[in-house]
Each structure stands twice: as C-alpha cells, then as structure tokens.
Amino acid sequence: MNSTKRSVWQFPWRYTESILIVIGLVIVGFALQLSVGKVDFVQLAYPLNIVVGSGMILFLLLFAFARNTQFYQWFSGVPFSVSLIGGLLVLGIAMGLIPQMQKLDPHAHDIWTLLGLTQVTSCWAFVLVYFVTLLSLGSLIVRRLIRFNWRDYAFYFNHIGLWILLFASGLGAADLRRYVMYVYEGETEWRVYSDHGDILELPIAIQLNDFVMEEYPPKLTIIDRESGKAQPEGKPDYFQIDERYPEGRLDKWELRVEKYIHQAVRNSDSTYTEVPMPGATPAVLVKITNTETGKSFSHWVCGGSIAQLYMMAPLTETLGLVMTQAEPKRFMSDIVVYTEDERVDSAELEVNKPLKVGDWMIYQYGYDNIAGKASNYSSFEMVYDPWLPAVYVGIILFAMGSVCLMWSGNKKKRKGDTE
C-alpha cells in the first residue's frame, strides 16, 4: 500500500507550520526590538488607536470573503490558535520569571533588556503575537457569525467577550494615564507632574477638606541605647499595648500598663496628659519589674512625633524600653472633586475604596509618612482609562460564555448518561 508523506508548507497547514510561523513572529519581534527599541504605546493614543481598531475590523470583514480558502481555514483554525496561545503563554512565563521594570536603566545591556523581556508588554515579540491573535480570533468569530446558529450562543459569548477584552485592553493601553496629585488641606489642586518632571494641568481638580487617620495602639520593645537596635538583635520581641490585657513580659522585665493615652502631649518633664490636637502622640505609663532583683518602678514611655519628643524608660546603662511608631489602621480624605461637567461634594476616599468621576478613577495614594496623622496633605492616584467600560463588557461576556459552555457540557453529559 503506497502512502504519500505530506511535506511542510503544503496545504492544509497544521501544527508544524503554525508553530514555525509563531516562532517567526517572535524572531521578527526580537529583531525589531534590537533595531528600533520597544513599542511606544503613546504614539498609538487617541485618535490613532481608533483608526487602527477600525482598520482591523474592516480587514476582518473584507478577509471574510476569502473564508472558503485553505489559508483562511488555517488562519482561523485550531492549530494556529493553539500555537498563538502557546506563544503568549511562553512570553507570559518570561514576564513572571524575569523582573519587570517600569523604567529601563539606560546603562543596562543584558540580554533580557535588549530583547525587551524586562518590559514584556512593550516588547515587539509580544505585540506581534498579540496582534495576530486578535486577527485570528476575529476571523474565527466572523466565520461563525456568517453561519449564525442560536445553539452556538455559548461560543459567541465566550469568543466575542475574549476578543473585546483583548481589543480594548490592548488599544486602550495607549490612552491609559496615571498621575499622582498632592493636595494640601483647605486647598484645591489640578496640577500633576509627568514622568519627565513637567507640570501638567488636568481637566479634573480636587479640594481636600480634611485628612483623617486612625491608628492601632503601638508596641513596646527593648533597645540597645547605643545602637538603637531592638533586642534581641535579629529577632526582636515586642509587647502589644492593649488595655484589655495590660500585663506582659519582655526578657526579664515584667510590664503592666497603668495608663494609656492615645492622643497625649507632655505637660511636665516626665508626665503626659490627654489633649486631642495635631501633633499629639500615644504615651503609656508602664510599671516595670525586674524579675531577677524584684525591683520595680513606673515610667512614662512615648514614641514621639513631629511636635512631641520621645521618652524612653531606662532599664540598665545599656538597655531602654521604648515605644514603636503607631501603625495606621485607616486613613481617609474628605474631598470635593470638580470637572468641567460635574461636581462631587464631600466624597470620603479610602484605600481600596476609589471614586469614579467620568473616565477618571481616583485612589487614596498616601500622605506625609513622617507627620503621620498630623499630615497636612494627601496624595491621590489619578487614573484615566476611557476604555475600561469596554474591558468590563468583554469580561462579562467571556464569563457568561464560560458558564454557558460548562452548563451545556453538563447537559450533554447528563443526556448521554440517561441514554
């Protein structure tokens, strides 16, 4: 029996040709990376990304006239799709294994930097594979839509959602802007600094009415009075101040909290009183007992702030009991936001509780770490992403399609079991 062996590059193309073409795309991408540098997405900002996106859609519609050719069948088929996904997967693994840089060191000349693998999403190899994936997936969707069948609803949800997600997140990356705005209490700010240090005026302004911080009670620890290092070195021990559990022990000293004031100011050389005011700081009166000698004494301990000096309780000539800085439990900014078309009054902005105003997302970013709760300014991360609604639509459709695929698969399985 005679059998003819199909040669490479003979239609119909399968996995061998598909893998070779994806490898070729990666090689071409690395060559472009070495010759012209990384992809500058800023050049693809609005309205150019609209033009490119419209061109892609027009290409898919015109390309559909060749849907009966072997090339179209391969381009929108499983072997090429799997190969493209494999290429994206390999580049994704590289992104996870190789440290990614926000800004490149101009003096870095290692192989990973030269090939663009320290900024994978801006690497030509990734962009080319991603771009061809969009065209391949879009060709498949158009081919199936031409032969529309209601029973394929799960496929349409899943694949159209994925295409919209990839399309919007890729082309929308050029319009994404991130800035950090610093606003002082009682003032209104609309200016930010660009990556190059230039002052930019945004079409959105923030007025900071008040900055509020809540803190956890601080801790006590023993330090070396000469070096300032917590003891024992390498693995220091701490006593958490908690009025419900006033007793504890550090090394050979037993501690008992006699009085704790979270907002205290010094009213003499060695005592504190409660005064809720900017610059107030936690202070604790603690009874300290040496378990070896049985001697005990009471002493105020304070961690200090920009307005208050710290106070240490001396234990020996070389050791002292000190208070750590209180850790923030919650910080919030009471703001008013202005745009050309809208005003948002008295919005309370917290970490993980952003505010959406038009196409802008405003996040609580930071404050004056040295001043702590006495900070007189608050910083906000301003994110402009007009493509975000389209990304959400893609995610929702993709999730609906995935659920429908699982449901229809289980339905077929149950039908087969009953038969």
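Before moving on, here are some points about what is shown:
- Neighbours of R178, meaning other residues whose beta-carbon lies under 11 angstrom from its beta-carbon, give a summed charge of -2 when Lys and Arg score +1 and Asp and Glu score -1.
- Per-residue [θ]222 nm for the chain (sum of -39500 (n - 2.57) over DSSP H runs n ≥ 4, rounded to 500): -11500 deg cm²/dmol
- Size of electric dipole in the chain: Cβ of Lys, Arg +1 and of Asp, Glu -1, about Cα centre, debye, nearest 20: 2800 debye
- Rounded to the nearest 0.05, the FRET efficiency derived from the C-beta distance between Y245 and L104 at R0 = 45 Å is 0.30.
- Sorted peptide list for 263-273, 72-82, criterion being average Cβ within 10 angstrom, highest first: 72-82, 263-273
- The C-alpha atoms of the chain define a longest principal axis, and helix 388-418 lies at about 70 degrees to it.
- The Rg/Rh ratio of region 15-148, with Rg taken over Cα atoms and Rh as the Kirkwood radius over Cα pairs, comes to 1.02.
- Considering only V42, L135, A108, the residue lying farthest towards the positive end of the dipole of the chain is L135, judged by Cα position with unit charges set on Cβ.
- Taking all Cα pairs closer than 8 Å and separated by 6 or more residues, the relative contact order of region 325-411 comes to 17 percent.
- Ordering of 212-223, 35-46 by burial proxy (mean other Cβ atoms within 10 Å per residue, highest first): 212-223, 35-46
- Cross-link partners of K259 among aspartates and glutamates (Cα-Cα below 18 Å; sequence separation of 8 or more within a chain): E215, D242, E243, E247, D269, E274
- Peptide ranges 311-323, 349-361, 48-60, 92-104 listed from the most packed, as the mean C-beta count within 10 angstrom indicates: 311-323, 349-361, 48-60, 92-104
- Percentage relative contact order, region 43-194, counting C-alpha pairs under 8 Å, at least six apart: 30 percent
- Listed residue pairs exceeding 23 Å between alpha carbons, taken from K235/K373; K219/K252; K252/K295: K235/K373
- Pairs of Cα atoms nearer than 8 Å and 6+ residues apart set the relative contact order; for region 217-326 it is 27 percent.
- Rotationally averaged projected area of region 248-374 (alpha carbon convex hull; nm²): 10.6 nm²
- Alpha-carbon geometry of the chain: the Rg and the Dmax are 31.5, 107 Å, given in that order.
All of the numbers you see were taken from the coordinates with simple rules; none came from a lab. From a predicted model like this one, the values you see are computed outputs, not experimental measurements. Reconstructed Cβ throughout: ideal geometry from the backbone, glycine too, with neighbour counts over all protein chains shown.
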